[in-house]
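Undergrad: There's a structure below that I have some questions on.
The values are calculated or read from the model by the stated rules, or taken from the named source; none is laboratory data. Computed from a predicted structure; not experimentally measured. Every residue, glycine among them, receives a Cβ derived from its backbone with ideal geometry; neighbour counts consider all protein chains shown. For accessibility, only protein heavy atoms count, side chains too; no ligands or nucleic acids. Shrake-Rupley method; radii C 1.70, N 1.55, O 1.52, S 1.80 Å.
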Amino acid sequence: MRDADACMRGLAVTGDRVHAGAGRPPGWRAVDRYVVLPSLRRPGLLVPESSPRAGAAAARQFLLLPGRGGRAATEAAAAALRTGLPQRAGRSRLAVSVSPDVADAELPDLVLRHHLAAALGTGAVDLAVRVGATRPNGKPVVQVSEPGGRVLAYTKVGWNDLTGPLVAAEAEALRTFAARGDAPRTFKVARLLHSEEWQGNTLAVVEPLVGGAAVTAPDPPRDATHELALGGGITRLPLAASGWWADTLRRIDAAGADLAAAADVVAAEAEAMTLGFGRGHGDWTPWNMRRLDGRLVVWDWERSRDGVPVGLDALHYGLLVALNARHLPPPRAVADTLERAPGWLRALDQPPEAARVMLCLELLEMSLRYAEARRAGVTVRHDRFGTALHQLLDVRAEQPPVP
């Protein structure tokens, strides 16, 4: 996804009256101009060419570098963008242009920036975009701000058959939180401002919960993990009898994934167990959290659902931290997570002896997401989760029986 097309994805309609990319056809007018940082070869952030404050705000929100050194680097990047120097010096520039016959009144139907201004009932806005990475749920995340730099909202853009339903699911999850009337005690979620289908894209616009401190703990936040998983009630039953497992098998079949044999082995290992099922986030990681005014803020609810094996979020957190923050190679990350998992499960009233099965379910779910992305036409990197799953199951199969 990291190319010029990915940078501009969702920022304008696809048609013969709009051009999004480098340059513009002769006689057309540019209505949006962006600078790609750090470069078009390695795009991570699009900032508006003429709004230094919006670029600075985007750096503070999207970089999210942990630790004292990370915070200093983030602030340095934001300070540089606020001067406008990177925008003036940047060579990688992209624009949204419209044909000469397009009137200003038509722009909300053609250009996302103008559409969001109308949807939010405000005047002109500036957009900054975090470019979606090459991963199963990669998608643009758009910061919407006033020309003076005050952030008004963040917008996710679901651009294909894979990401569109995810964005719609997040909007529905936020509506569910709002409709409950009893806000979570241990964490906070953003308020949904607007959602819709627009020109083939799915939009979810949420309030800006900005600032705060990065979450860096290697273990999942105990109280929030407990409230999320257990707060909506628990169902206890065998894995094979659960709706979650039936849905997983359906997804494996639909994705054409080479996971059916592994799923059979996992189901056989879980056959004698009774597991708890509750509410799950689906991407419970520290980079989807911040500490803001002393409270945990949690984003990215697009894979949230009920009836998930309790503890799956905790193992997801631990495994992803081991891989992406502690930079352990996959075999060591799996072993480390397996060692720590019984304590997390015990705290969630899930049988600690289910640790291996739960880790297999986590690896299976993550590998399935990669298969679904490939099925949707997204070029994704090596599926390290599927490899780890098969290695874990092979090790299990080779171990001699316990006398």
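Undergrad: Heavy-atom accessible area per residue, the chain, 1.4 Å probe: how many Å²?
TA: Computed with neighbouring chains in place, this is 45 Å² per residue.
Undergrad: Also, I was wondering about something else. What does the charge dipole of the chain about its Cα centre add up to, to the nearest 20 debye, if the Cβ of each Lys and Arg holds +1 and the Cβ of each Asp and Glu holds -1?
TA: Dipole of the chain, to the nearest 20 debye: 1540 debye.
Undergrad: Check which residues have an amide H placed less than 5 Å from Val131's amide H, if you skip close sequence neighbours.
TA: Leu45, Leu46
Undergrad: Considering the dipole of the chain built from charges on the beta carbon (Lys and Arg +1, Asp and Glu -1) around the Cα centre, which of Val13, Val125, Leu328 is farthest to its positive end?
TA: With unit charges placed on the Cβ atoms, the residue in question is Val125.
Undergrad: Taking H placed 1.01 Å from N in the peptide plane, check which residues at least 5 places from Ala12 or on another chain put their amide H under 5 Å from its amide H.
TA: Excluding prolines and chain starts, which carry no amide H, the hits are Leu112.
Undergrad: Something else now. May I ask you to evaluate 6.51 cos²θ - 1.76 cosθ + 1.60, the Karplus curve with θ = phi - 60°, for each residue of the range 310-324 and list the ³J(HN,Hα) values in order in whole Hz, giving x for glycine and proline?
TA: Here the 3J(HN,Hα) series is 4, x, 5, 4, 4, 5, 4, 4, x, 5, 5, 5, 4, 6, 9 Hz.
Undergrad: At q = 0.28 Å⁻¹, work out log10 I(q)/I(0) for the range 180-252 with the Debye formula, treating every Cα as an identical point scatterer and leaving solvent out; two decimals please.
TA: -1.17
Undergrad: Okay, next question. Report the equivalent ellipsoid semi-axes for the chain in whole Å, largest first, defined as the square roots of five times the eigenvalues of the gyration tensor built from alpha carbon atoms.
TA: Semi-axes, largest first: 40, 22, 20 Å.
Undergrad: If you plug each phi of the range 35-52 into the Karplus form 6.51 cos²θ - 1.76 cosθ + 1.60 with θ = phi - 60°, what whole-Hz ³J(HN,Hα) values come out, in order, with x for Gly and Pro?
TA: Working through the residues one at a time gives 10, 9, 10, x, 6, 5, 6, 9, x, x, 8, 9, 10, x, 4, 10, 10, x Hz.
Undergrad: Summarise the accessible area of the range 190-275 (1.4 Å probe, protein heavy atoms) by the percent that is carbon and sulfur.
TA: Accessible surface attributable to carbon and sulfur in the range 190-275 totals 51 percent.
Undergrad: Quick one: of the DSSP bridges fully inside the chain, what percent are antiparallel, nearest 5?
TA: Approximately 95 percent, going by the DSSP bridge assignments.
Undergrad: Right, another one. Across the range 341-357, in residue order, what do the Karplus-derived ³J(HN,Hα) couplings come to in whole Hz, using 6.51 cos²θ - 1.76 cosθ + 1.60 with θ = phi - 60° and x for Gly and Pro?
TA: Values, residue by residue: 4, x, x, 5, 5, 4, 5, 9, 6, 10, x, x, 5, 8, 4, 5, 4 Hz.
Undergrad: Return a whole-number percent for the relative contact order of the chain, with Cα pairs under 8 Å and 6 or more residues apart as the contact set.
TA: Answer for the chain is 14 percent.
Undergrad: Rank Ile234, Ala57, Ala171 by how far each Cα sits towards the positive end of the charge dipole of the chain (+1 on Lys, Arg Cβ; -1 on Asp, Glu Cβ) and give me just the farthest.
TA: Positive-end residue among those listed: Ala57.
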